[in-house]
Each structure stands twice: as structure tokens, then as C-alpha cells.
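Let me begin by presenting the structure, written as C-alpha cells, before commenting on it.
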Amino acid sequence: MKKRVLALVLCVLVVCISAIGYADTNLSKNRKCPARPTLYNSARSKAIGSDKYAELRNGISAKQINENDGIREYGMYFKFTPKRGDHGYHINRFDVVISERNGDILLSDGFNTDMTCQYGYYWAWNFFPLDGMFRQLKRKYGQVVPGSYTMDIYFNSLWANSTIIKVGK
């Protein structure tokens, strides 16, 4: 009886994980994607529960995050624009990996999708939250530390491009 319940729980868990997506653990910058979009990001914040974003013209600062009273979220506007040669490339899987300069991974997330690159069009997220990255930095260092962090983008488990997330003092 216990084995059947355990097997049932494992089956339900596998179904749930596959339904919500997972972070691909086989990602490598050595496996290049034929599509290489232009990436752009800018720092933003918003009140928790709100859809109104504030541009952070001076960027995100470690002080802001460390002194955050839980009223605001910090993240970024993120956009990728396919180039002429990317036209027609179909994306079934989109993954993001954020890491420190030394290569330590702070955040890895992804989802299944159905997108086809079209020259002259772009995709954008008005607010891509960076809470997971900040939690990892706090776990590792006891606080968010200033620095430049790399955000790698993968299409279909192939490295497509990267952008830098800067956290000031």
C-alpha cells in the first residue's frame, strides 16, 4: 500500500512539474543557437500587487534592495529583438540563467512556449522580477552585493545571447 501511494505521489509530482515548466539543467554556452537576437534591459521597480512600473534611471542599487521594506519589487524591463537571419526560427523552450562573474548560478528558470522569430518584431516583458536572484545573493553573502551579473538566454536549450544586469552600491 505504501509503495502504491509513493508511486502515485511521484507520478502526480512529475505531472505537476512538467505542467508548470522546469529549469533545463543541461544548458551550456558551448551549444550555440542559430538565432542570436538583440537583447535589451532596463531597471524597474513596482509596488507589490501593482501593475504600474517605475523606471530606475540610475539602475538598481544594493542599498535599495537591502533596505527594501517589502512594499516594492525590483526587476527589469526585458526585450529581445530577432535579427534578419533569425526570421522563421521556432522557439519551443525559453530558459534564463543569471550568474555571477565567477560562473556561480543565482537563478535558473524556463518555460515551454510557441514562438516564431520574425524580423522587425520583438518580445518584451514589462517586468521581469529579480527577487530569486536577490534571495540567492542574500543567502550567499548575507546581503545583496553590488556587481555585474550575466543573464544568459537559451532558445530550445541552445545559448542565444546574454545581457548584463548591473547592481550598483
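The values are calculated or read from the model by the stated rules, or taken from the named source; none is laboratory data. What you see is a predicted model; the values in this text were computed from it and never measured. When we count neighbours, we look across all protein chains shown, and the Cβ atoms used for this are built from the backbone with ideal geometry, even at glycine. Please note that ligands, DNA and RNA were not included when accessible areas were found on the heavy atoms of the full protein model with its side chains. Shrake-Rupley method; radii C 1.70, N 1.55, O 1.52, S 1.80 Å.
Of the listed requirements (1) modelled with pLDDT of 95 or more; (2) farther than 24 Å from Ser45 by Cβ, Gly103 misses just one: (1). Of the residues making up the stretch 32-42, just one is part of a loop (DSSP other than H, G, I, E, B), open to solvent by 30 Å² or more (accessible area, probe 1.4 Å) and either at pLDDT below 95 or under 19 Å from Phe78 (Cα atoms) (or both), namely Arg36.
Confirm whether Arg135 is out of contact with any Phe, Trp or Tyr (no Cβ under 6 Å at 6 or more places or on another chain), closer than 24 Å to Ala47 by Cβ and either of a type in the set (Gly, Ala, Ser) or without any contact (Cβ under 8 Å) to a residue 40 or more places away in the chain (or both).
yes
If you go through the stretch 82-100 and pick out every residue that is open to solvent by 40 Å² or more (accessible area, probe 1.4 Å) and under 21 Å from Phe127 (Cα atoms), you end up with 0.
Collect the residues in the stretch 148-169 that are loosely packed, with under 13 Cβ neighbours inside 10 Å and charged (D, E, K, R), keeping them in residue-number order. Passing the criteria: only Lys169. Tallying residues that are open to solvent by 20 Å² or more (accessible area, probe 1.4 Å) and either among the charged types (D, E, K, R) or assigned to a loop (DSSP other than H, G, I, E, B) (or both) within the stretch 101-147 yields 20.
Yes/no per residue for (1) among the small types (Gly, Ala, Ser); (2) farther than 24 Å from Lys83 by Cα:
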| residue | (1), (2) |
| --- | --- |
| Gly103 | yes, yes |
| Thr116 | no, no |
| Tyr121 | no, no |
| Trp125 | no, no |
| Phe128 | no, no |
| Asp131 | no, yes |
| Lys140 | no, yes |
| Val144 | no, yes |
| Lys169 | no, yes |
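Exactly one residue out of Ser50, Ser45, Ser61 is among the hydroxyl-bearing types (Ser, Thr, Tyr), open to solvent by less than 40 Å² (accessible area, probe 1.4 Å) and in contact with a Phe, Trp or Tyr (Cβ under 6 Å, 6 or more places away or on another chain), and it is Ser45.
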